[in-house]
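Engineer: Have a look at this one.
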Amino acid sequence: MKSIQFANTEEQYRKYADELRSADVQRLAEWAKGQPHLPPITELELMLFLHSNYYDLEAAQRTIECYYSFRTSCKNLFGSRNLEKAAIHTAMDVLDLVILPELTPEGYRVMLAKIVDPDASKFSLSALLTFALMCVDILIWEEGCNNGSILIIDMDGIHLGHLPKLGIFTLKDLLYFIQEGLPIRLKGLHLANVVPFIDRIMTMIRPFMKKELLQMLHLHTKMHTLFPYIPQHLLPLDYGGMAESRKVLRDHLYNHTIECADHLASYDQLKRVDESKRIAKQRTMGNLFGLL
């Protein structure tokens, strides 16, 4: 088993020297130490929270609170993070997830997802997202801060048989975590080769999307309308780009994720909120969503 190669903190300070200051990271660390329910938080993690919130200290504190509380309480996405489980193995066969090797001209990292097995009986949204978030964890820890992230979902291969399996609560959990807890600067969400029933999907997810996320959502009936946002040459060979094929990139990512299985498991055990030590009102799934 290989260990995760965490981004070097000194390099992060040099890369973002104009705004990322050790004094601000230290202030955030002192705040976190004053929250007895939170797990230990590394300097790199603090940097990621601060950078993803454009160096707004209070916003970073809210993201930290959401990140660890949600990962502890949300069984839908973080309850079965075991790469040996059959559901995860099936998810790896159903989904091709790749990280493009080159950044966009703006310095954004691009992730591409596509369903490659159309058999709806094998489709489990929670299992797919559980595995995808494992891959995202490793990417964030190893790359460190970046200018932004873009997600492309190629909907080719999705059909009406998948629609009943798009669980509303799982989608709600995902959108909440992306918008409130994930320490990235999301710059774009692109649905390519959109399906004829996209309106039905949008009706399901729109209530859980903030205005900012809706503004960065783009629907493409074909792939070529995506190219003004992500230059075609950055895409895999399958899409007319110059990167390696989607399958090769997928295998790179999945093999590395499997290699890091032990660290993912230990991280999940360590980074848990202890509600018995929380000073403020206990945070439940209900009030995480502002329902209480």
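Engineer: Which one of these does residue 232 not meet: (1) assigned by the TED database to the domain that holds residue 131; (2) closer than 30 Å to residue 32 by Cβ; (3) free of Cβ contacts under 8 Å to residues at least 60 places away in the same chain; (4) open to solvent by 60 Å² or more (accessible area, probe 1.4 Å)?
Structural biologist: Result: residue 232 passes all but (2).
Engineer: Still on this structure, I have one more. For the range 180-229, which positions are of a type in the set (Asp, Glu) and more than 30 Å from residue 62 (Cβ to Cβ)?
Structural biologist: 199
Engineer: Just the residues that are within 13 Å of residue 58 (Cα to Cα) and open to solvent by 50 Å² or more (accessible area, probe 1.4 Å), please, taken from the range 16-29. Outline the logic, then answer.
Structural biologist: Initial filter on the range 16-29 (within 13 Å of residue 58 (Cα to Cα)): 24-25, 27-29.
Once the filter is applied, which keeps residues that are within 13 Å of residue 58 (Cα to Cα) and open to solvent by 50 Å² or more (accessible area, probe 1.4 Å), the range 16-29 yields only 27.
Engineer: Between a residue in the range 250-270 that is farther than 17 Å from residue 140 by Cβ and any residue that is open to solvent by less than 70 Å² (accessible area, probe 1.4 Å) and basic (Lys, Arg), which pairs come within a Cβ distance under 9 Å, given they are 6 or more apart or on different chains?
Structural biologist: Cβ pairs passing all conditions: 265/81.
Engineer: Could you list, in sequence order, all residues of the range 189-199 that are out of contact with any helix residue (DSSP H, G or I) (no Cβ under 7 Å at 6 or more places or on another chain) and over 21 Å from residue 230 (Cβ atoms)?
Structural biologist: 196, 199
Engineer: Within the range 178-199, restricting attention to residues that are part of a loop (DSSP other than H, G, I, E, B) and touching a strand residue (DSSP E or B) at 6+ places or on another chain (Cβ under 6 Å), which residue is nearest to residue 132 (Cα to Cα)?
Structural biologist: Looking at residues that are part of a loop (DSSP other than H, G, I, E, B) and touching a strand residue (DSSP E or B) at 6+ places or on another chain (Cβ under 6 Å), I get 184.
Engineer: Okay, moving on. With (1) at pLDDT 95 or above; (2) under 20 Å from the mean Cα position of the chain (by Cα) as the list, and residue 239 as the residue in question, which single condition is left unmet?
Structural biologist: All conditions are met except number (2).
Engineer: Another question, then. Is it the case that the range 131-141 has a residue that's touching a Gly at 6+ places or on another chain (Cβ under 9 Å) and open to solvent by 20 Å² or more (accessible area, probe 1.4 Å)?
Structural biologist: No - not one qualifying residue is present in the range 131-141.
Engineer: To continue, here is another question. Please state which one of 45, 58, 65 is free of Cβ contacts under 8 Å to residues at least 12 places away in the same chain, part of a helix (DSSP H, G or I) and either surrounded by fewer than 19 Cβ atoms within 10 Å (Cβ to Cβ) or not small (Gly, Ala, Ser) (or both).
Structural biologist: Just one listed residue meets the conditions, 58.
Engineer: Being polar (S, T, N, Q), buried (at least 21 other Cβ atoms within 10 Å of the Cβ) and out of contact with any Cys (no Cβ under 9 Å at 6 or more places or on another chain) is true for just one of 149, 121. Which residue is that?
Structural biologist: Unique residue meeting the criteria: 149.
Engineer: How many of the residues in the range 200-249 are in contact with a helix residue (DSSP H, G or I) (Cβ under 9 Å, 6 or more places away or on another chain) and either in a helix (DSSP H, G or I) or charged (D, E, K, R) (or both)?
Structural biologist: Final tally of qualifying residues: 21.
Engineer: Does the range 85-131 hold any residues that are touching a residue at least 60 places away in the same chain (Cβ under 8 Å), touching a Leu at 6+ places or on another chain (Cβ under 8 Å) and of a type in the set (Ser, Thr, Tyr), and which are they?
Structural biologist: 104
Engineer: Return the residue satisfying two criteria in turn: it lies in the range 74-96 and is acidic (Asp, Glu) and at pLDDT 95 or above, and of such residues it is most open to solvent (accessible area, probe 1.4 Å).
Structural biologist: Filtering the range 74-96 down to residues acidic (Asp, Glu) leaves 84, 93, 96.
Filter again for at pLDDT 95 or above, leaving 93, 96.
Values: 93: 104, 96: 12 Å².
It comes out as 93.
Engineer: Which of the residues spanning the range 143-177 are over 30 Å from residue 15 (Cβ atoms), among the β-branched types (Val, Ile, Thr) and outside any helix (DSSP H, G or I)?
Structural biologist: 158
The values are calculated or read from the model by the stated rules, or taken from the named source; none is laboratory data. Note that the coordinates shown come from a computational prediction; the quantities given were computed from them, not determined experimentally. Note that each Cβ is placed from the backbone with ideal geometry, even for glycine, and that neighbours are counted across all protein chains shown. Side chains are part of the model used for accessible areas, which takes the heavy atoms of the whole protein and leaves out ligands, DNA and RNA. Shrake-Rupley method; radii C 1.70, N 1.55, O 1.52, S 1.80 Å.
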